[in-house]
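Reviewing the structure listed below.
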Amino acid sequence: MARCRFRKCIAAQLSHVLKIPPENLVKSISAVPVSKNRQTAEFQFSMSPILDANSTNYTTSDINLQAEELANKLKCDAVVSQISPGKGTVDFTINRDLLAKTVLQQVFEDGSEYGIKSELFSGLPKRKVLIDFSSPNIAKKFHVGHLRSTLIGNFIANINEAIGHQVTRINYLGDWGMQFGLLGAGFQWFGSEEKLKSNPLQHLFEVYVQVNKASEEDENIKTLAQDFFRKLEAQEEEAVSLWQHFRDVSIEEYARVYKRLGIYFNEYSGESFYQEKSKEVLKRLDAKGLLTKIEGVGKVCLSENGDQVAVMRSDGTSLYLTRDLAAAIDRMEKYNPDVMLYVTDKSQSSHFQQMFQILKLLGFSWAERCQHVPFGRIQGMKTRQGEVIFLEDVLNETCSLVLERRASTKTTKECDNPPEIAERIGLAALIIQDFKGLLSSDYRFNWDHVLQSKGDTGVFLQYTHARLHSLEEICGTVNQGTPVNPACLQDPLAISVLQHLLRYDEIIYQSSQDHQPKHIVNYLFKLSHLVSAAHRNLPVKGSPLELAQARLCLFHAVRSVLANGMKLLGITPVDKM
Ligand code: ARG
């Protein structure tokens with residue numbers, strides 16, 4: 001059967017009357033959100049874009065009048081069964097049979113690409129998107145900011161990839177600096193090769209803390225650390241090989257933990273790569289007359305009112321900012337991305353603004369393609385052992401809390417691999433908690449809220465998915481070849497679910513534009529609430545075959561879209577819990 005694109009059909013009608021090409025109208029046609037005081041119309045065309053074209057001041061009643069006139073000129077057809085003026089809109093109701101048929105057909109045919117094959121994405125140019133995220137510092141804490149960066153960066157990578165962009169995931173490690181001087185100098189006393197092998201991140205951190213403390217008490221150690229770092233900067237073989245060893249074992253361990261999260265990187269880069277290239281940046285700045293030395297420190301003047309930032313220490317070595325400048329230039333040369341995103345907490349906003357500004361001063365017009373994606377702070381994330389130091393502590397704590405709760409809940413289902421299920425549920429809980437609000441908002445972390453099975457949590461989404469899965473197990477899987485009788489899906493609860501499914505493409509579009517996962521999260525909550533009401537009131541078991549089949553198809557479609565959305569967020573849906 002030919003695919004019916006509702007927005008396209010409506011745009012064609014409107015185009016006829018308005019004499020505007022249909023492709024210019026599609027974006028003004030949106031699916032109406034399902035609300036309690038249920039509306040019947042599925043789509044609305046907003047009058048404002050066609051009014052703006054004439055750029056006169058319209059009163060609300062003018063606009064409503066125009067909407068009414070437009071509605072009168074349009075005719076119902078095989079697709080649209082009702083056209084009525086709304087507040088500044090013209091509302092379209094889709095033929096009820098066609099609604100059920102088309103939505104289900106599209107969900108089944110498009111599978112994981114449902115919503116993405118929509119006309120909303122058809123004109124979208126394919127881009128190269130580079131995402132710098134996670135980026136922890138070796139031998140230091142993996143703080144909650146790194147956790148957020150990891151989850152958010154992964155989401156942004158997923159959604160960009162899903163809509164067809166070419167994504168490169170870069171982990172820009174903090175793998176340079178005095179902590180390596182301390183490690184290099186103190187490992188011989190405090191380190192153990194064995195511990196380094198079995199638990200590298202923790203061991204390096206412990207050694208670092210110990211040497212750091214020792215160096216505060218003993219000037220000799222401080223000098224040794226400085227010497228070691230100087231050797232490292234001078235690329236002396238012995239020092240470099242020890243540093244390389246620390247870096248390698250750390251990355252290996254990180255990769256293992258990222259794998260637990262279902263996250264990978266195309267490149268493990270890091271500040272260490274940019275020692276030499278930083279010198280070139282300083283040369284360029286100097287050549288352009290942008291570098292001033294103030295008491296030996298190299299600074300760049302950013303504005304007329306004299307704002308200055310340091311790019312070179314008095315001993316000639318580079319700073320975080322200098323290395324980031326070098327890294328940006330290098331990435332542009334290597335990948336030539338259309339978009340370069342940096343995902344860190346908002347305390348680094350001025351760092352990135354300064355960096356982008358310096359790139360502009362250097363004459364790199366591509367600085368426009370760079371963007372910082374800032375996020376807020378999490379307060380109060382602790383484990384029962386205390387402060388979170390490593391990513392794995394949070395994962396282990398989440399997993400064990402979920403296991404404890406499962407053990408004390410009567411409805412827990414038998415499953416093959418409880419730790420794996422617990423891990424997936426726990427991760428969903430963490431991710432949803434983190435993605436619920438605007439990324440830039442701070443929030444307070446609370447295990448009890450995060451792990452609640454009712455209310456808007458990741459546990460609830462997992463539960464909904466598992467429940468739909470078991471429904472199919474009990475009632476038989478959907479035979480996608482058998483046509484559904486749309487007359488069986490005319491109950492208002494079923495219609496609401498279909499209407500909500502219709503909006504998925506717009507939600508993906510919105511999140512892909514502003515990088516905010518909350519649109520998808522809220523969409524999935526609503527989907528779960530709608531389907532749970534439908535599930536309660538529209539039984540499959542015991543209904544006549546045709547009705548049972550149709551309902552089962554509807555529930556299967558919901559499960560498929562729910563799973564798609566969860567996967568974009570970085571969650572692996574569970575089938576049982
Ligand atoms: N390692 C840094 C930190 O922990 C984050 C790096 C972010 N990326 C960048 N290109 N600066 O704060």
Do we find a residue being within 27 Å of Thr168 (Cα to Cα) and in contact with a Leu (Cβ under 9 Å, 6 or more places away or on another chain) anywhere in the stretch 200-207? yes
Among the small types (Gly, Ala, Ser), surrounded by 18 or more Cβ atoms within 10 Å (Cβ to Cβ) and out of contact with any strand residue (DSSP E or B) (no Cβ under 6 Å at 6 or more places or on another chain): which single residue out of Ala255, Ala328 fits that description? Ala328
Residues that are within 16 Å of the ligand (Cβ to nearest atom): find the helices (runs of 4 or more DSSP H) completely inside the stretch 338-447 holding 3 or more of those. 349-361
Applying the selection to the stretch 167-192, what residues are open to solvent by 20 Å² or more (accessible area, probe 1.4 Å) and more than 16 Å from the ligand (Cβ to nearest atom)? Phe187, Gln188, Trp189, Phe190, Gly191, Ser192
Considering every residue within the stretch 539-547, establish whether at least one is part of a helix (DSSP H, G or I), touching a residue at least 24 places away in the same chain (Cβ under 8 Å) and within 32 Å of the chain's Cα centre (by Cα). no
Tell me whether the stretch 117-136 contains one or more residues that are more than 16 Å from the ligand (Cβ to nearest atom), open to solvent by 20 Å² or more (accessible area, probe 1.4 Å) and under 30 Å from Gly174 (Cα atoms). yes
Which numbered condition trips up Arg323, out of (1) under 28 Å from Asp514 (Cβ atoms); (2) of a type outside the set (Asp, Glu); (3) out of contact with any Pro (no Cβ under 8 Å at 6 or more places or on another chain)? (1)
If we scan the stretch 414-434, do we find a residue that is closer than 18 Å to Ile571 by Cβ, open to solvent by 30 Å² or more (accessible area, probe 1.4 Å) and touching an Asp or Glu at 6+ places or on another chain (Cβ under 8 Å)? no
What number of residues within the stretch 244-287 satisfy the criterion of being away from the ligand (no atom under 16 Å from the Cβ), closer than 24 Å to Ala328 by Cα and assigned to a helix (DSSP H, G or I)? 12
Conditions (1) over 15 Å from Ala557 (Cα atoms); (2) in contact with a helix residue (DSSP H, G or I) (Cβ under 9 Å, 6 or more places away or on another chain); (3) among the acidic types (Asp, Glu): number failed by Asp514: (2)
For the stretch 203-219, does any single residue satisfy the condition of being at pLDDT 95 or above, in contact with a Gly (Cβ under 8 Å, 6 or more places away or on another chain) and buried (at least 16 other Cβ atoms within 10 Å of the Cβ)? no
Enumeration of residues in the stretch 478-531 that are among the hydroxyl-bearing types (Ser, Thr, Tyr) and open to solvent by less than 20 Å² (accessible area, probe 1.4 Å): Ser496, Tyr504, Ser511, Ser512, Tyr523, Ser528
Just one listed residue, out of Ser241, Ser318, Ser269, Ser250, is open to solvent by less than 60 Å² (accessible area, probe 1.4 Å), hydroxyl-bearing (Ser, Thr, Tyr) and farther than 22 Å from Thr168 by Cβ, and it is Ser318
Please determine whether any residue of the stretch 43-50 is of a type in the set (Phe, Trp, Tyr), surrounded by 13 or more Cβ atoms within 10 Å (Cβ to Cβ) and within 31 Å of the chain's Cα centre (by Cα). yes
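The values are calculated or read from the model by the stated rules, or taken from the named source; none is laboratory data. Values in this document were obtained by computation on a predicted structure and should not be read as measured data. Methodologically, a virtual Cβ is constructed for each residue, glycine included, from the backbone with ideal geometry; neighbour enumeration extends over all protein chains shown. Calculation scope for accessible area: heavy atoms of the full protein, side chains included, ligands and nucleic acids excluded. Shrake-Rupley method; radii C 1.70, N 1.55, O 1.52, S 1.80 Å.
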